[in-house]
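The values are calculated or read from the model by the stated rules, or taken from the named source; none is laboratory data. Since we're looking at a predicted model, the values are computed, not measured. All Cβ positions, glycine included, derive from the backbone under ideal geometry; neighbour counts span all protein chains shown. Side chains included, ligands, DNA and RNA excluded: accessible areas come from the protein's heavy atoms. Shrake-Rupley method; radii C 1.70, N 1.55, O 1.52, S 1.80 Å.
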Amino acid sequence: MNARIFFWSLTSALAGFLFGFDTVVISGAERTIQSLWGLSDNLHGIAMASALYGTVVGSLIGGWPADRFGRKATLLWIGVLYLLGAAGSGLAANVWVFIAARVIGGLGIGISTVVAPMYISEIAPPKHRGRLAGMFQFNIVFGILIAFVSNALLAGIGANAWRWMLGVAAFPSLLYAVFCFGLPESPRWLLSKKGDREAALDVLQKAQPDVPRDEIAREADEIAAASTVQASSGQFWTRRLRKPILLAFLIAFFNQLSGINAILYFAPRIFELTGLAKSAALLQSVGIGITNLIFTFVGLWLIDRLGRRTLLYIGSFGYITSLGLVAWAFFTQHYAIVPTCIFAFIASHAIGQGAVIWVFISEIFPNRHRAEGQTLGSFTHWIFAALLTTFFPKMVAVFPPGYVFSFFTGMMVFQLIWVQTMVPETKGVPLEQIQHQLGID
């Protein structure tokens, strides 16, 4: 694999590290925040989900700056939003300042889930696209692990530990923004949006230094031709694009209806429901981060070997088994198996949906509509994440946990049916050919 491609992909994917860290770091501070400001369950749920509401907005608007100003400039501004969100959260004097800062950071998260996977998919060669685009997910789970470890290390430093937990993300945010200056622009954006063929040829040549210039020129011609056809083929919300639109919506919908964000956000609270002390619950949360990281490695190793559809199969069976056992454990009070089953759930997510979602959404739309398609998938993901995180504290307060996990199990049965009946395989297929495969050219 070309070293430049790897470095560009890694730099872009570091947005995922900040996404994972910023999203989950709140889990170690959520109880302190509730007691510090005397928040009701409803206001606490809003405060906890505030970053997700920013994420929803960011995912909804993220395609516009990516198309208008370019992928590189948008990635750079994501780092600025992360920096402002982290610093503001750590310094917040009241819950409303805290919510505002979390919303700003959430804007960065939402835009990153649109732009970073899209950028990587547009610069990566087909045979490595799954692993390279999957680096975004790897960085998400690495950020999650570091957030859990950071929370555990900072928990005992005093009354303001929660401020350090949230504010420390400002340092990697600044570093990421600096790294973005070294990125080139996406050649597909240069050809389809800016019309700068020479700049696109230069980027394609740097990405493939051993390929003759005439082959690079032919590749550019194919990209430009596909973009020209797409530009004359109407708007995004058309019957022609119904297959990728439905696929993007459903993969994001099922991703969140597994309960993944609720478990990541409220992991210490879930473990405390089984009788674990607070300190032990925090350590179990670190175990979630480690499990997620290890099995994300496995998912990235398999995604270009077994394919996207097969990993979704594996993940679906793992979800159903692990979530079903968690529900059974809460119903029968066999609490000792809950941590093990939660770890199995995390492993299933990492190999299946976690490894596939951002890669798959970035592949299934044509060049002309990729930003809009990525926006749709990301927005769907985050609106359901926000709703689930907002209502989860109330859900476990009103309903026994066994019913909540039974609901998640049932949704994963529906996901398995969807994978069997609708999901195509995109492994190793050039982006311009996937539109043929989906019948949208």
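The share of Cα pairs per 10 Å bin across the range 109-187, counted from zero up to the longest distance, runs 15, 38, 28, 14, 4, 0 percent. Over the C-alpha trace of the range 24-144, radius of gyration and Dmax come out as 16.1, 53 angstrom.
Each of H436, H128 has its accessible area taken with a 1.4 Å probe; listed largest first, they run H436, H128. Taking label positions 7 Å along the Cα-Cβ direction at both D214 and I61, the computed distance is 4.9 nm, reported to one decimal.
Surface calculation, 1.4 Å probe, protein heavy atoms: V103 sits at approximately 50 Å² accessible.
Between L52, L250, L83, the residue with the greatest mean-square fluctuation in the GNM of the chain (Cα pairs under 10 Å linked by springs) is L250. For the chain, the longest principal axis of the Cα atoms and the long axis of helix 95-123 meet at an angle of about 30 degrees. Computed from the alpha carbon positions, the gyration tensor of the range 292-435 leads to an equivalent ellipsoid with semi-axes of 31, 18, 12 Å, biggest first. Rounded to the nearest 10 degrees, the angle from helix 41-61 to the longest Cα principal axis of the chain is 0 degrees.
Note on N160 and N94: their simple-model spin labels are 2.0 nm apart, each label 7 Å out from Cα toward Cβ. Peptides 216-225, 3-12 ranked from most to least packed, by the mean per-residue count of other Cβ atoms within 10 Å: 3-12, 216-225. The residues W237, W96, W328, W358, sorted by heavy-atom accessible surface at 1.4 Å with ligands and nucleic acids left out, run W237, W96, W328, W358 from largest to smallest. When the chain is treated as a Gaussian network with alpha carbon springs shorter than 10 Å, the biggest mean-square fluctuation among H334, H381, H369 belongs to H334. A simple rule links phi to the HN-Hα coupling: the Karplus curve 6.51 cos²θ - 1.76 cosθ + 1.60 with θ = phi - 60°, which for the range 208-217 gives 9, x, 8, 8, x, 4, 5, 6, 4, 5 Hz, with x for Gly and Pro. Comparing Cα centroids, the range 356-405 and the range 294-333 end up 17 angstrom apart. Rounded, prolate or oblate: which fits the range 293-345 when a ≥ b ≥ c are the square roots of the eigenvalues of the alpha-carbon gyration tensor, with rounded for a/c under 1.5 and prolate only if a/b beats b/c? Oblate shape, in that a/c is at least 1.5 and b/c is the bigger or equal ratio. Placing unit charges on the Cβ atoms only, positive for Lys and Arg and negative for Asp and Glu, gives the chain a dipole magnitude near 300 debye about its Cα centre.
Extension gain for V80-W37 works out to 12.7 nm (0.36 nm per residue, less the C-alpha to C-alpha distance).
Here the extension length gained between V413 and R4 equals 143.1 nm, from 0.36 nm per residue of separation less the Cα-Cα distance. Rounded to the nearest Hz, the phi-derived 3J(HN,Hα) couplings of the range 168-177 under the Karplus curve 6.51 cos²θ - 1.76 cosθ + 1.60 (θ = phi - 60°) are 5, 5, 4, 5, x, 5, 5, 4, 4, 4, where x marks glycine and proline. Take the Cα coordinates of the chain, assign each an equal point scatterer, and use the Debye formula without solvent to give log10 I(q)/I(0) at q = 0.06, 0.10, 0.13 Å⁻¹. Here log10 of I(q) over I(0) equals -0.24, -0.66, -1.09.
Rounded to the nearest 10 degrees, the inclination of helix 71-91 to the longest alpha-carbon principal axis of the chain is 20 degrees. Report D for the range 1-62 in µm² per second (integer): Stokes-Einstein, Kirkwood Rh on Cα pairs, 25 °C, 0.890 mPa s. Rounded, D is 176 µm²/s. On the basis of the beta-carbon distance and an R0 of 45 Å, T421 and T340 show a calculated FRET efficiency of 0.90. Rounded to the nearest 500, the 222 nm mean residue ellipticity of the chain from helices alone is -26000 deg cm²/dmol, with -39,500 (n - 2.57) taken per DSSP H run of at least 4 residues. Computed over neighbours whose Cβ is under 15 Å from that of I46, the net charge equals 0, Lys and Arg +1, Asp and Glu -1. Classify the range 160-255: rounded, prolate or oblate, from the alpha-carbon gyration tensor (a ≥ b ≥ c, eigenvalue square roots; a/c under 1.5 rounded; otherwise prolate if a/b is larger than b/c)? Because a/c hits 1.5 or more and a/b fails to exceed b/c, the range 160-255 counts as oblate. GNM remark for the chain: springs join alpha carbons under 10 Å apart, and the peak mean-square fluctuation among I361, I120, I61 falls on I61.
Our coupling estimate for the range 218-224, obtained by passing each phi through the Karplus curve with A = 6.51, B = -1.76, C = 1.60 and θ = phi - 60°, is 5, 4, 4, 5, 5, 5, 5 Hz, Gly and Pro reported as x.
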